[in-house]
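Below is one structure, written out as structure tokens; the observations come after it.
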Amino acid sequence: MKSEAILSVDLNEEEGVSVDPRGQTSDDGVLKVLPEVPDGYVWREEVETVEDLLSYEDLLFLFKQAETVSRDGYWYLKMFYLNKTFVQHCAVEDVSVTVDRVFFEAKDIQLAFSRDGKNVYVGLSELADRGYYYVRARLFTALQILTLRDFPDYYPEGVSNVFIATCAAIDDDISSINDSFLSVAFRLYQLKAHCFGSLVAYGCAGIYEFAKKRFGFGTTTTKNFLAIYDKFMITDGINVPMLKEEFKDYGYSQLVELVSVESHLDDFSPKMTVKEIRKKKKELAGKVKDNKPIRQAKIEPDTSEETVKTVPYIGVLSLLEGIANPYFEENKEKQSARCDAYRRAIEDVIAAFKAKFEE
């Protein structure tokens, strides 16, 4: 899926930027020219805030420096070849981003951005097609300058519309968590169970990492939501978030306390405060029944999605179906042989996978 970039920037219509027509060709989809960098612009080695880091003008300037200067088999930015690496630093946040290498693809120019050992590549065609907002969001989240919470409308390739709508609904629910915790628990479970491919598209190993980056939930919070869904909610295919009849009068904080209780749930009441529930849990933990102490379940984060061997079938299938074809060209009616071969290869893998697990 190719989602619409929020606050996208048209490289040929940016205010105050003129287009140099030299170098244009008749090849559709091949961007050979760049808008002019505004008059008087100089590379900014330091900015005041993170929000001002890597501005649109900065990106234009960097791409303008991309010349065919080679050394030791690599292509470099012009000023780096002159022993001047492009570094932009924000003293307030102690954040520095380095740009020193350029890659010339067949139909694109890509710059290599790095910070603290993390690297991300941005292509000129990506800037033109997806817009500055999208590129900035991808840069800042990949380099861990800002988190996904700062860019709630950033959607990588391969993310489904259902996934996007679910995240937006969770955003709305968070604002009134005490009234909407059932919806949050239900939707987090849906993302975990059915959207593995979309989680991977964000560079996350699973629901715990994504929930932390996107919604600010700690692992324990996500674990509690999922446990509430598993333990106290109706889960037999119903799409309306509902508590089981015996728990329908409990609130979020009360259920969180009861997550770890393995048995004797009938000793608790929705009229009890959180403090009273904790006291009762201690009393039950000290009692002996059938010569065995009453145990409380220890809820551990589900790590099954961290390895391919234990990923649910539907999760792997979702991941395979969400793989974008890198050779697909949107503006061409007939795709290249390489694009068709890549598509057939993915289809063959999906067919083999289904045959294996649907016997």
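The values are calculated or read from the model by the stated rules, or taken from the named source; none is laboratory data. What you see is a predicted model; the values in this text were computed from it and never measured. Reconstructed Cβ throughout: ideal geometry from the backbone, glycine too, with neighbour counts over all protein chains shown. Heavy atoms of the whole protein, side chains included, go into the accessibility calculation; ligands, DNA and RNA do not. Shrake-Rupley method; radii C 1.70, N 1.55, O 1.52, S 1.80 Å.
Before moving on, here are some points about what is shown:
- Accessible area in the full protein assembly, largest first, 1.4 Å probe, for 245, 329: 245, 329
- Residues whose amide H lies under 5 Å from that of residue 101, counting only those 5 or more places away or on a different chain, are 77, 112; hydrogens are built 1.01 Å from N in the peptide plane.
- Placing dummy labels 7 Å off each Cα toward the beta-carbon, the span from residue 46 to residue 174 is 3.4 nm.
- Cβ-derived FRET efficiency at R0 56 Å, residue 112 paired with residue 273, nearest 0.05: 0.50
- Amide H contacts under 5 Å for residue 233, placed H, 5+ residues apart: 244
- Stretched out straight at 0.36 nm per residue, the stretch from residue 55 to residue 248 would grow longer than its current Cα-Cα span by 64.4 nm.
- Figure note: 347, 126 ranked by solvent-accessible area, largest first, 1.4 Å probe, ligands and nucleic acids not counted: 347, 126.
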